[in-house]
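To start, the structure itself, in C-alpha cells.
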Amino acid sequence: MVSTADDRHAWLGRVGAVWGVLGVLGLLGQACARLTPRALEAIEGGLSPLQLVALAAWIGFMAYTEGLRGFHRRFSPRVVARATYLREYPRPLFVALAPLFCMSMFHASRRGLVVARVLVLFIVLLVLVVSQLDQPWRGIIDAGVVVGLALGAASIVWYAVQALRGVAPPVPPDLPDTDATVEPAHS
C-alpha cells in the first residue's frame, strides 16, 4: 500500500496529539511522584490537631482552586483543545515539542504566552520557597499540591476521552491571531 501525503499528515497529527497529552500527563505525574513521599512523611510523622486542620483545609482549598478552577476549567481543556488543533494542523516542530505546545508555551495568543510563562515562573519560585520549610508544613503544602495535580491529570484524561468521542473541549485552543482562520490541509 502506498502512503499518501494525507496519510502522513494524519499520522503526524495523531502522533503530535498523543505526545502532547501524554507529555503533559507525564510532567504532572512526575511532580506527584516527587511530592507524595514528602507529604506522606509529614502525615506519618504525626500531626497536631492544628496541623490536621491545616492539612484538611489546604487539601480542600487546593482541590477547589488548583484542581477544579485552575485545571478542570482552564488548563486541562486548553491542553486537549491544543492537542486537537495539533492533530488537525501538524507541523513537525510543533509535534516534536507537543507537550510545550499543548501547555501554551509557544504559538499562543500574546495573553496566553504571558499567562503560561508567568505561571511557570510563579511555580518555580513557589517550589523554591516551599523547599525551605520544615516538616510537617512542607509535607502539608505538598499534600495539597499533589491532590490538585492529580485532579488536574484526571481532568486532562477526562477531556481527552471526551475529544476521542467527538466532544470538543469547552475552550478554544488560544492561537495567535494569524491562525484564527486556518483551513485544514486535508479533507
Packing-based exposure ordering (other Cβ within 10 Å, fewest first) of ASP7, ASP134, ASP174 = ASP134, ASP7, ASP174
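Going by how many other Cβ atoms sit within 10 Å of their own, how do ARG8, ARG14 line up, fewest first?
Numbers: ARG8 11, ARG14 14.
Ascending number of Cβ neighbours within 10 Å: ARG8, ARG14.
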Based on the mean of other beta carbon atoms within 10 Å per residue, what is the order of 22-29, 143-150, most packed first?
-> 143-150, 22-29
Tell me, VAL79, VAL18 in order of fewest to most beta-carbon neighbours within 10 Å?
-> VAL18, VAL79
Convex hull projection area averaged over all views, the chain, Cα basis, nm² | 12.3
Quickly rank 40-49, 106-115 as a protection proxy: mean count of other C-beta atoms within 10 Å, highest first.
-> 106-115, 40-49
Euclidean distance between Cα centres, region 86-114 to region 40-61, Å = 38
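If packing is taken as the average number of other Cβ atoms within 10 Å across a peptide's residues, how do 85-92, 71-78, 126-133 rank, most packed first? Don't skip to the answer; put the middle values down first.
Working: 85-92: 18.8, 71-78: 21.4, 126-133: 11.0.
Descending packing order for the listed peptides: 71-78, 85-92, 126-133.
Suppose R0 equals 22 Å. What FRET efficiency, 1/(1 + (r/R0)^6) with r the Cβ-Cβ distance, do HIS9 and ALA154 give to the nearest 0.05? Before the final figure, lay out each step's value.
Details: r = 31 Å, r/R0 = 1.43.
With R0 = 22 Å, the Cβ-Cβ based efficiency is 0.10.
Read-outs throughout are calculated quantities, based only on the coordinates presented, and are distinct from any laboratory measurement. Here the structure is a predicted model, which means the values were calculated and not measured. Ideal geometry is used to build each Cβ from the backbone, glycine not excepted, and the neighbour counts take in all protein chains shown.
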